[in-house]
1. Scan the stretch 3-21 and tell me whether some residue there is polar (S, T, N, Q) and either at pLDDT below 75 or surrounded by 10 or more Cβ atoms within 10 Å (Cβ to Cβ) (or both).
2. Exactly one of these conditions fails for GLU58: (1) surrounded by 10 or more Cβ atoms within 10 Å (Cβ to Cβ); (2) charged (D, E, K, R); (3) at pLDDT below 75. Give me its number.
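The values are calculated or read from the model by the stated rules, or taken from the named source; none is laboratory data. These figures come from a predicted structure and were not determined experimentally. All Cβ positions, glycine included, derive from the backbone under ideal geometry; neighbour counts span all protein chains shown.
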Amino acid sequence: RTFVPDSFLELSGWFLLSKLLLSVGKTILKRKLVSYLALIGFLGKYGIIELILVDGVEF
């Protein structure tokens with residue numbers, strides 16, 4: 001059997017994983033983007049999004 005370094009296996013594994021996640025993410029984004037934008041707009045109206053952003057910056 002041929003010897004393959006661990007780093008190469010790790011690298012190809014990460015590459016395949018990222019490709020898979022990217023394709024899944026794209027599919028989800030297409031479906032969810034509109035609802036996310038609507039949610040952000042809704043929260044923005046009541047100033048809740050600002051609180052969330054400020055909390056995120058603190059951490």
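1. yes
2. Condition (1) is where GLU58 drops out.
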